[in-house]
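All remarks here apply to the structure that follows.
The values are calculated or read from the model by the stated rules, or taken from the named source; none is laboratory data. The structure displayed is predicted, hence computed values, not measured ones. Note: ideal-geometry Cβ built from the backbone for every residue, glycine included; neighbour counts use all protein chains shown.
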């Protein structure tokens, strides 16, 4: 909660004309809040890291994670087009788009923050902590509820169904492997492709 409030205050303090900075900051906050949530759960539960998904996994599952990230992006192209046709484009990602198109250095920082830090923090929180805690109620509850919470955390907008798709794929891989790394790769590849496509489509 402290991390969320501090991050929120930082974001609202950024002037409206500094969209590149705002986009990068938003990625940093997303990752940091996830890491803070994981850290709190780790301290409270006093368990080893393996309990949260820090487990080695075969190269096959890592490759599946990368492929699933590409698949998630392709599926979400369809989801976003359908949402846009029904509700209109209410994307909150102007800052992310600006950051990706802010020049070479800004793109590199955006990829580090958005395709490494954010996926790592969010996967630890939503899969390592939440999906893991829900496993006792069965696969369907673990996958769907953790994915629903992940989607809601992104707001009621076009990103909600998109995040739900990424969440379901990540949660299924986490359930299959008990490792955070395939899920991290799904999220990292998805965010990385999205940032690069901002440059391709909007640059």
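Taking the stated definitions as given, is residue 42 assigned to a helix (DSSP H, G or I), touching a helix residue (DSSP H, G or I) at 6+ places or on another chain (Cβ under 6 Å) and more than 25 Å from residue 108 (Cα to Cα)? Step through it out loud before you land on a result.
Working: assigned to a helix (DSSP H, G or I): yes; touching a helix residue (DSSP H, G or I) at 6+ places or on another chain (Cβ under 6 Å): no; more than 25 Å from residue 108 (Cα to Cα): yes.
Judged against the criteria, residue 42 is not a match.
Name the pairs: first residue in segment 158-182 and free of Cβ contacts under 8 Å to residues at least 24 places away in the same chain, second residue in a helix (DSSP H, G or I) and surrounded by 20 or more Cβ atoms within 10 Å (Cβ to Cβ), Cβ to Cβ under 7 Å, at least 6 apart or on different chains?
160/151; 163/150; 163/151; 164/147; 164/151
Pairs only if they're at least six apart or on different chains, beta carbon under 6 angstrom, first in segment 39-55 and over 11 Å from residue 180 (Cα atoms), second part of a helix (DSSP H, G or I); list them, first residue then second.
What qualifies is 41/129.
Can you tell me how many residues within segment 32-54 are surrounded by 13 or more Cβ atoms within 10 Å (Cβ to Cβ) and more than 20 Å from residue 135 (Cβ to Cβ)?
The total comes to 5.
Each row is one residue, and each column tells you yes or no for (1) touching a helix residue (DSSP H, G or I) at 6+ places or on another chain (Cβ under 7 Å); (2) crowded, with 19+ Cβ neighbours inside 10 Å; (3) modelled with pLDDT of 95 or more; (4) outside any helix (DSSP H, G or I).
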residue	(1), (2), (3), (4)
92	yes, no, no, yes
106	yes, no, yes, no
114	yes, yes, yes, no
119	yes, yes, yes, no
122	yes, yes, yes, no
134	yes, yes, yes, no
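Could you check residue 14 against (1) in a helix (DSSP H, G or I); (2) in contact with a helix residue (DSSP H, G or I) (Cβ under 7 Å, 6 or more places away or on another chain); (3) more than 19 Å from residue 123 (Cα to Cα) and say which number it fails?
Condition not satisfied by residue 14: (1).
Which one is surrounded by the fewest Cβ atoms within 10 Å (Cβ to Cβ), of the residues in segment 67-90 that are in contact (Cβ under 8 Å) with a residue 60 or more places away in the chain and outside any helix (DSSP H, G or I)? Even if it seems obvious, please write down each step before you answer.
Residues of segment 67-90 that are in contact (Cβ under 8 Å) with a residue 60 or more places away in the chain, as a first pass: 68-73, 75-76, 79-80, 83-84, 87, 89-90.
Next, only the ones that are outside any helix (DSSP H, G or I) stay: 89-90.
Details: 89: 11, 90: 13.
In this case the residue turns out to be 89.
Conditions first: (1) more than 15 Å from the chain's Cα centre (by Cα); (2) under 25 Å from residue 55 (Cα atoms). Residue 157 passes all but one, so which condition is the exception?
Result: residue 157 fails condition (2) only.
What number goes with the only condition from (1) surrounded by fewer than 16 Cβ atoms within 10 Å (Cβ to Cβ); (2) under 15 Å from the mean Cα position of the chain (by Cα); (3) over 16 Å from residue 195 (Cα atoms) that residue 147 does not pass?
Of (1) surrounded by fewer than 16 Cβ atoms within 10 Å (Cβ to Cβ); (2) under 15 Å from the mean Cα position of the chain (by Cα); (3) over 16 Å from residue 195 (Cα atoms), only one is false for residue 147: (1).
Among what's in segment 45-54 and is touching a helix residue (DSSP H, G or I) at 6+ places or on another chain (Cβ under 8 Å) and outside any loop (DSSP other than H, G, I, E, B), pick the residue that is nearest to residue 186 (Cα to Cα).
To start, the set of residues in segment 45-54 that are touching a helix residue (DSSP H, G or I) at 6+ places or on another chain (Cβ under 8 Å) comprises 45, 49, 51-54.
After this cut, where a residue has to be outside any loop (DSSP other than H, G, I, E, B) as well, the list is 45, 49, 51-52.
Values: 45: 27, 49: 20, 51: 20, 52: 17 Å.
Looking at the filtered set, the residue picked out is 52.
Only one of 28, 57 is surrounded by 17 or more Cβ atoms within 10 Å (Cβ to Cβ) and in a loop (DSSP other than H, G, I, E, B). Can you tell me which?
57
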